[in-house]
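Novice: This is the structure I want to talk about, given as structure tokens.
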Amino acid sequence: MRISRRRWLIAAAFVGTLVCVGTYTVSAALRYAAAPARIDVRATPITAFDNRDPSQVRFGSLEFRGGLELTSADAAFGGISAIHIEPDGSHFLAITDNGSWLRGRIVYRDGKPDGVADTEVAPILGADGKPLAGRGWFDVESLTELGGHFYIGIERVEQILRFDIRRGGLLAHGEPIAVPADFKTFVFNKSLECLTAAPANSAIAGNLIVIAEQSLDAAGNHRSFLLKDGAAQRFSVTRSDDFDVTDCTILSPSDLLLVERRYSPARGVAMRIRRIPLAAIKEGSLVDGKVLIEADLAYQIDNMEGIAVHRNAAGETVVTLVSDDNFSVIQRNLLLQFVLVGE
């Protein structure tokens with residue numbers, strides 16, 4: 001089925017927005033939580049992933065379970081760039097580009113996401129207790145948990161901060177951790193999109209895994225790092241078909257999942273997920289992996305930037321994706337869930 005002229009116009013406008021403003025706009029600088037607050041978030045269910053064939057549920061190695069389009073009248077809501085989902089599959093912690101925490105609970109009906117509840121926002125605070133946004137530390141892009149602490153990656157200043165959320169709540173202060181000096185050589189605003197923690201049963205346990213969005217090595221591949229106790233090991237992830245890394249997570253027990261985005265005026269917008277074996281990651285290695293799913297604007301996607309994995313009560317592996325609307329009227333905040341099949 002041919003994509004309509006209207007859809008191509010929307011795609012062109014979307015691409016134009018991404019190319020012109022990236023993941024940040026001046027107006028977004030004012031849209032962060034000034035203080036902790038409960039907010040109302042409206043969730044509109046998405047029942048089909050394929051816009052052309054609503055009956056289709058299998059896409060590559062994933063089966064579409066359901067999704068939500070999220071909106072709110074609160075100015076701080078939007079720009080969701082990463083998400084962490086607790087083992088119960090319901091409670092989540094997310095971050096926004098412009099320096100807000102977003103916490104809440106996914107509500108399910110018949111195993112499908114049906115809404116969100118108990119939603120609250122708060123400013124992400126630095127070591128001095130002041131909001132990151134107040135010092136211009138925007139483009140908070142990545143989030144992970146390691147050893148009971150949460151870590152975030154901030155692109156514009158190439159910093160990683162550690163938070164004791166379990167003890168201090170959303171007003172915990174972020175302490176910068178040691179990062180390699182070569183972080184300062186990253187391409188501006190094209191770096192700390194992927195941040196995750198190696199699992200305890202892996203050969204690289206205790207390491208943070210960092211993969212740059214579009215800061216490439218001499219061979220044109222994604223510059224990547226293992227960080228532990230102030231030390232760094234370097235490796236690369238193969239870049240292919242003009243896709244750039246936008247987030248990552250661990251698929252227990254032995255794999256890394258990358259979510260990637262491609263956009264260009266000629267080819268439009270697309271996203272894909274790659275599965276990379278953790279055993280391949282070591283100092284000096286070049287790693288690649290199988291594509292689990294690839295989709296363009298013929299499907300229910302947007303600027304897909306966050307990924308998380310959990311197991312549900314039925315023992316299924318659920319992959320959750322979220323999108324960053326860049327606080328733009330032509331983009332959407334989506335939450336999509338798939339079940340991994342075809343192992």
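The values are calculated or read from the model by the stated rules, or taken from the named source; none is laboratory data. Every value quoted in this text rests on a predicted model; they were computed, and no experiment measured them. For neighbour counting, all protein chains shown are included, and Cβ atoms are generated from backbone atoms with ideal geometry for every residue, glycine included.
Novice: With the requirement that a residue be at negative phi and either in contact with a Phe, Trp or Tyr (Cβ under 8 Å, 6 or more places away or on another chain) or touching a residue at least 60 places away in the same chain (Cβ under 8 Å) (or both), what does the range 89-103 give you?
Specialist: S90, F92, L93, A94, I95, T96, D97, N98, S100, W101, L102, R103
Novice: Still on this structure, please answer the following. Hey, could you check the range 246-263 for residues that are under 17 Å from N326 (Cα atoms) and modelled with pLDDT of 95 or more and say which is surrounded by the fewest Cβ atoms within 10 Å (Cβ to Cβ)?
Specialist: Checking each candidate, the answer is R262.
Novice: Could I ask something else about it? Is it the case, given these coordinates, that A82 is in contact with a Lys or Arg (Cβ under 7 Å, 6 or more places away or on another chain) and at negative phi?
Specialist: no
Novice: Applying the selection to the range 166-221, what residues are among the polar types (S, T, N, Q), in contact with a strand residue (DSSP E or B) (Cβ under 6 Å, 6 or more places away or on another chain) and within 22 Å of R156 (Cα to Cα)?
Specialist: S191, T196, Q214, S215, N221
Novice: Which members of the range 135-189 meet the condition of being of a type in the set (S, T, Y) and out of contact with any Asp or Glu (no Cβ under 7 Å at 6 or more places or on another chain)?
Specialist: Across the range 135-189, the qualifying residues are T144, Y151, T185.
Novice: Determine whether P176 is touching a residue at least 24 places away in the same chain (Cβ under 8 Å), surrounded by fewer than 16 Cβ atoms within 10 Å (Cβ to Cβ) and over 18 Å from the mean Cα position of the chain (by Cα).
Specialist: yes
Novice: Before we move on, is T196 surrounded by 19 or more Cβ atoms within 10 Å (Cβ to Cβ) and on the phi < 0 side of the Ramachandran plot?
Specialist: Against the criterion (surrounded by 19 or more Cβ atoms within 10 Å (Cβ to Cβ) and on the phi < 0 side of the Ramachandran plot), T196 qualifies.
Novice: If I ask for residues that are in contact (Cβ under 8 Å) with a residue 24 or more places away in the chain, of a type outside the set (D, E, K, R), over 15 Å from D244 (Cα atoms) and surrounded by fewer than 16 Cβ atoms within 10 Å (Cβ to Cβ), which ones from the range 264-297 would you list?
Specialist: Of everything in the range 264-297, those that are in contact (Cβ under 8 Å) with a residue 24 or more places away in the chain, of a type outside the set (D, E, K, R), over 15 Å from D244 (Cα atoms) and surrounded by fewer than 16 Cβ atoms within 10 Å (Cβ to Cβ) turn out to be P265, A279, G284, S285, L286.
Novice: Right, here's the next one. In the range 72-101, which residue that is hydrophobic (A, V, I, L, M, F, W, C) and more than 24 Å from T47 (Cβ to Cβ) is surrounded by the most Cβ atoms within 10 Å (Cβ to Cβ)?
Specialist: Per the criteria, the residue is A82.
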